[in-house]
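Here is the structure we will look at, set down as C-alpha cells.
The values are calculated or read from the model by the stated rules, or taken from the named source; none is laboratory data. Remember, it's a predicted structure, so these values are computed and weren't measured experimentally. Here the Cβ positions follow ideal geometry from the backbone for every residue, glycine too, while neighbour counts run over all protein chains shown. The area values use the complete protein model at the heavy-atom level, side chains included, leaving out ligands, DNA and RNA. Shrake-Rupley method; radii C 1.70, N 1.55, O 1.52, S 1.80 Å.
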Amino acid sequence: MKVLFIGDIVGNPGRRAVKELLPELRRRHGLQLVVANGENSAGGSGITPKTADEIFSSGVDIITSGDHLWDQKEVNDLVERERRFLRPLNYPAGTPGQGSLVFHADGLPPVGIINLQGRTFLPPLDNPFHAALAEVEQLRRTARLILIDFHAEATSEKIALARLLDGRISALIGTHTHVQTADEQIFPGGTAFLCDAGFTGPHDSVIGREIEPVIKRFMTGRPQKFEVAGGRTLLQGALLEIDDSNGKAKRIERVSESLP
Ligand SMILES: [Fe+2]
Ligand SMILES: [Fe+2]
C-alpha cells in the first residue's frame with residue numbers, strides 16, 4: 001500500500017498547497033491513502049468543519065490533529081460527528097471524539113490509524129506510551145497495517161515511542177514542530193519512522209507565521225499578533241510503502257513539494 005502522510009497544514013496557503021499539489025502526487029505515486037495533520041488549517045490555529053471539508057475534497061482521506069485542536073469553537077461539530085477526523089487518543093476519559101479509527105477502502109487491507117500527543121513541553125495528557133500500547137493491541141485484531149501520527153515536541157519522546165512500537169506498527173510519523181527532520185528510516189522490526197513531517201504552508205516564515213512579529217516577541221517578551229505568512233509555499237510530509245501481507249514498511253521517503 002502506498003500512503004502519503006502530510007505534515008501540519010497551516011492556514012489558507014497550506015490548504016491551497018494540498019488542493020493544487022495532491023491530485024498530481026496521488027497520480028505520480030499511485031497513492032491509496034492520504035493522512036494529513038490539520039490542526040493549524042483554520043487561520044493557522046485550529047480547524048473548522050469548513051477547512052476540514054476543503055482538505056477532504058482535495059483528496060485527503062483522514063485528518064489528524066494535536067494541541068491546537070480546540071482553538072476554534074466550531075471544532076466541536078467535527079470532533080463529535082466526523083468519522084474521518086481524529087483527535088489525540090490520550091485526552092482524559094470522557095473527551096468527545098475518537099483517537100483512532102480503521103480505514104476501509106475497496107480492494108485495500110484495513111488500516112488502523114492512531115493520533116497521539118506528546119507530554120514533553122506540552123500540556124499533560126494521559127501517558128501516550130501506555131495509551132499507544134493498548135490501542136495498537138486492540139487495532140491489531142482487525143488491521144495488520146497501523147499508522148501513528150505522534151504530535152509531539154521532543155525528538156526523544158517520538159523516537160522512544162516508535163522504538164517501543166517497532167514491529168507492531170507500520171509507521172510512526174511525528175508532527176507539531178513544523179520543521180522536517182532528515183532521519184527517515186525503517187527500524188529493525190519493520191516500522192518506518194520520521195521524527196517530524198514538517199509543515200504544509202508558507203516557508204518564508206517562522207514555522208508558518210510572519211517573521212517580524214515573532215522576532216519582536218522574542219526580543220521584547222511582549223505578546224504580538226502572529227499572522228499566517230505568505231510567499232514560498234511547500235507541501236511537506238512522508239511517502240510510505242507498506243507490505244500488505246505483514247504490515248511492515250518497505251520504504252519511507254521525505255516529501256517537500258513546492259507550489260508553483
Ligand atoms: Fe502545528
Ligand atoms: Fe501542534
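Which members of region 247-260 meet the condition of being small (Gly, Ala, Ser), surrounded by fewer than 16 Cβ atoms within 10 Å (Cβ to Cβ) and either without any contact (Cβ under 8 Å) to a residue 40 or more places away in the chain or part of a loop (DSSP other than H, G, I, E, B) (or both)?
Within region 247-260, 258 is the sole residue that qualifies.
Sort out which residues of region 112-149 are within 16 Å of ligand 1 (Cβ to nearest atom), within 16 Å of the chain's Cα centre (by Cα) and over 18 Å from residue 33 (Cβ atoms), and write them in order of number.
Result: 116, 117, 118.
Pick from 205, 170: which is within 16 Å of ligand 1 (Cβ to nearest atom) and among the small types (Gly, Ala, Ser)? If you could, list the steps in order and put the result at the bottom.
Numbers: 170 fails: within 16 Å of ligand 1 (Cβ to nearest atom).
Checking each option against the conditions leaves just 205.
In region 217-246, which residues are in a helix (DSSP H, G or I) and surrounded by fewer than 16 Cβ atoms within 10 Å (Cβ to Cβ)? Don't jump to the end; show me each part of the working.
Taking region 217-246 first, the residues in a helix (DSSP H, G or I) are 217-220.
218, 219, 220, listed by residue number.
Within region 3-31, track down each residue that is out of contact with any Pro (no Cβ under 9 Å at 6 or more places or on another chain), open to solvent by 60 Å² or more (accessible area, probe 1.4 Å) and either of a type in the set (Asp, Glu) or farther than 16 Å from residue 43 by Cβ (or both).
Of everything in region 3-31, those that are out of contact with any Pro (no Cβ under 9 Å at 6 or more places or on another chain), open to solvent by 60 Å² or more (accessible area, probe 1.4 Å) and either of a type in the set (Asp, Glu) or farther than 16 Å from residue 43 by Cβ (or both) turn out to be 19, 24, 26, 27, 28.
If I filter region 60-69 for residues that are within 17 Å of residue 207 (Cα to Cα), of a type in the set (D, E, K, R) and open to solvent by 10 Å² or more (accessible area, probe 1.4 Å), do I get at least one hit?
So far as region 60-69 goes, yes, one or more of its residues are within 17 Å of residue 207 (Cα to Cα), of a type in the set (D, E, K, R) and open to solvent by 10 Å² or more (accessible area, probe 1.4 Å).
I want to confirm something. Restricting to region 150-177 and keeping residues that are within 16 Å of the chain's Cα centre (by Cα) and among the polar types (S, T, N, Q), which single residue is nearest to residue 99 (Cα to Cα)?
This residue is 175.
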